[in-house]
Amino acid sequence: LQQEQQQQMNQQQQLEEQQQQLKNAQKSDDEAINLGKSRDAEREAEIASLRDELQQEQQQQMNQQQQLEEQQQQLKNAQKSDDEAINLGKSRDAEREAEIASLRDELQQEQQQ
């Protein structure tokens, strides 16, 4: 009977030790799960932050591209305006030259009379 009781006490002790090991394992698992969740949350936040940064960068590049295109259009318009002014100036010069030549001819004819 004493041996039987000792055996039962040993089994009880083993059972309690196994239950403690299971509790410890469960606690360890829970901690690992919580750490994993925490890391996932950090990664999600980092991903969201990087997406925002990327979107801002892309928007900035689009704005810069638009500004560049507008400046190029302004330069084209200015060049066209300059060309028109130059052509107008050349046209006026040609008219003045013709008028000067005509007046010289007229003057020369007057002087010959």
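Identify all lysines with a Cα-Cα distance to Lys27 below 26 Å; exclude those on the same chain that are fewer than 8 residues away in sequence.
Candidates past the 8-residue exclusion: Lys37.
Let's see if you can work this out: charge +1 on each Lys and Arg Cβ, -1 on each Asp and Glu Cβ, no other charges. What is the dipole magnitude of the chain about its Cα centre, in debye to the nearest 20?
Details: 12 positive and 25 negative charges, 73 e Å.
Approximately 340 debye in magnitude.
Which one, (i) 15, 51, 31, 3; (ii) 11, 29, 31, 21, 7, 1; (iii) 10, 11, 11, 9, 9, 8, 8, 7, 6, 5, 4, 4, 3, 2, 2, 1, 0, gives P(r) over Cα pairs in 10 Å bins from 0, in percent as derived from the coordinates shown?
(iii)
Asp93 accessible area, nearest 10 Å², 1.4 Å probe?
100 Å²
List the aspartates and glutamates whose Cα lies under 16 Å from the Cα of Lys80, skipping any in the same chain that are fewer than 8 positions away.
Those aspartates and glutamates meeting the cut-off are Glu70.
Give the aspartates and glutamates whose C-alpha is closer than 20 Å to that of Lys90, dropping any in the same chain fewer than 8 places away, or say none.
Result set, ordered by chain and number: Asp82, Glu99.
Mind listing the phi-derived Karplus ³J(HN,Hα) values for segment 98-113, rounded to whole Hz, using 6.51, -1.76 and 1.60 with θ = phi - 60°, and x for any glycine or proline?
Working through the residues one at a time gives 5, 5, 4, 4, 5, 5, 5, 4, 4, 4, 5, 5, 4, 5, 6, 7 Hz.
Of the options Ile86, Gln18, Gln58, report the single residue whose Cα projects farthest towards the positive end of the charge dipole of the chain (beta-carbon charges: Lys, Arg +1; Asp, Glu -1).
Gln18
The values are calculated or read from the model by the stated rules, or taken from the named source; none is laboratory data. Computed from a predicted model, the values in this text were never measured in an experiment. Using ideal geometry, Cβ is built from the backbone for each residue, glycine included, and neighbour counts are taken over all protein chains shown. Heavy atoms of the whole protein, side chains included, go into the accessibility calculation; ligands, DNA and RNA do not. Shrake-Rupley method; radii C 1.70, N 1.55, O 1.52, S 1.80 Å.
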